1. I'm checking my understanding of the structure. Among residues of the range 64-108 that are closer than 19 Å to residue 36 by Cα and of a type in the set (D, E, K, R), which one is surrounded by the most Cβ atoms within 10 Å (Cβ to Cβ)?
2. Kindly indicate the residue of the range 22-63 that is buried (at least 17 other Cβ atoms within 10 Å of the Cβ) and in contact with an Asp or Glu (Cβ under 9 Å, 6 or more places away or on another chain) and also farthest from residue 105 (Cα to Cα) among those meeting that condition.
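Quick note: the coordinates plus some simple rules give every number you see, no bench work behind them. Nothing here was measured: the structure is a model prediction, and the numbers come from that model. Reconstructed Cβ throughout: ideal geometry from the backbone, glycine too, with neighbour counts over all protein chains shown.
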Amino acid sequence: MPRAPHYHVYVIELDDRVWNSAKFRRCNPEYVMGKPFVYVGMTGLDPDTRFDKHKAGIQANKFVTDYGLRLLPALYEKHNPMPYQAAKEMEVELAIALQAKGFGVWQG
């Protein structure tokens, strides 16, 4: 029996200090001051578990380890869960959509 879709996209709010990173600024030339800074990722784990792993430095993105504040479920819950390929695509689509709204985005 095939396994039920269990992949998730997730969005983590990043501390404003992430803007001090030249690398982050270069990737967000259209950032609108005052909008949130976020990390967008996808996982086969529960997003809470994945966030905890980022913060613990396990298969982590440095921006999340250093600046991750909290999950923002209002930005992703409606999409989850989904099959792997859909989650891979949704991660990119969600990052692009948030960046188009002026968010500072790092996509995993």
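1. The residue in question is 91.
2. The residue in question is 47.
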